[in-house]
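Worksheet: the structure to be examined is printed underneath.
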Amino acid sequence: MKTNPTKEFNEDILDEDEKDLVQLVSSSADVANQYVIFQGSNREFYAINVAKVEELFVYERGHILHNNKEDSFIIGTADIRSHMTPLVYFDHWFGNERIDDEEYELVILCYFSQKYLGLIVKQVIDIVTITPEQMYTNSDNNELTTFVAKIKLAHEELCTIFDTDKLLFDLYGEDG
């Protein structure tokens, strides 16, 4: 991945695979069964519905107002596309080990419940279609998830579809 010295979004700094992901997310957000697949620090795969994703972009550490409240999942706020956007390390919220900041590559800019949120993730792997037949209820086993699914990447993998409503509740309480 190329670096971005200007700290502004510039599609020219993306590799071809990253451009494909950005294009797919921006053009296919109306497809209910498509999910952005990303990898956590534990090397497991996680999914978020593309309908909740506005954009993927390179994580730039320089333009963040950091939150000094130690018990908050929100690490800071950034001005992203003229929206004051709270940023959250997905790994921290999900209970995974938080790795070195330099290993986090991308922000998944999400929009739900009239709120923007930036999920900082290690890397996005792919965008895949997951049909209801591939989903298995998992919320009884882990309140942070809704389903687990078998997905096809290089070979069949298990993937956790996390509960975005729970994420919003943990961040904002009843107001989320």
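The values are calculated or read from the model by the stated rules, or taken from the named source; none is laboratory data. As the structure is a prediction and not an experimental result, all values here were calculated from the model. FYI the Cβ positions are ideal-geometry reconstructions off the backbone, even for glycines, and counts take in every protein chain you see. Just the protein is used for accessible areas: all its heavy atoms, side chains included, with ligands, DNA and RNA removed. Shrake-Rupley method; radii C 1.70, N 1.55, O 1.52, S 1.80 Å.
What to note about this one:
- Net charge, Phe147 excluded, C-beta distance under 15 Å - Lys, Arg +1, Asp, Glu -1: -4
- Loop-located GluC sites (Glu not before Pro) in the stretch 31-131 whose Cβ has at most 12 other Cβ within 10 Å (DSSP): Glu70, Glu97
- Rg over Rh, two decimals, the stretch 100-176 (C-alpha only, Kirkwood Rh): 0.99
- Take Thr131: with every protein chain present and a 1.4 Å probe, its accessible area is about 40 Å².
- Stokes-Einstein D for the stretch 53-158, Kirkwood Rh over Cα pairs, 37 °C, 0.692 mPa s (µm²/s): 212 µm²/s
- Put a plus charge on the Cβ of each Lys and Arg, a minus charge on the Cβ of each Asp and Glu, and nothing anywhere else: the dipole of the stretch 105-176 about its Cα centre is then about 240 debye.
- Of all accessible heavy-atom area on the stretch 48-176, the percent that carbon and sulfur account for (1.4 Å): 45 percent
- Across the stretch 149-154, rounded Karplus estimates of 3J(HN,Hα) from the backbone phi angles (6.51 cos²θ - 1.76 cosθ + 1.60, θ = phi - 60°) give 9, 8, 10, 9, 10, 5 Hz, Gly and Pro being marked x.
- Only Cα pairs under 8 Å and 6+ residues apart enter the sum, and on that basis the relative contact order of the stretch 66-176 stands at 16 percent.
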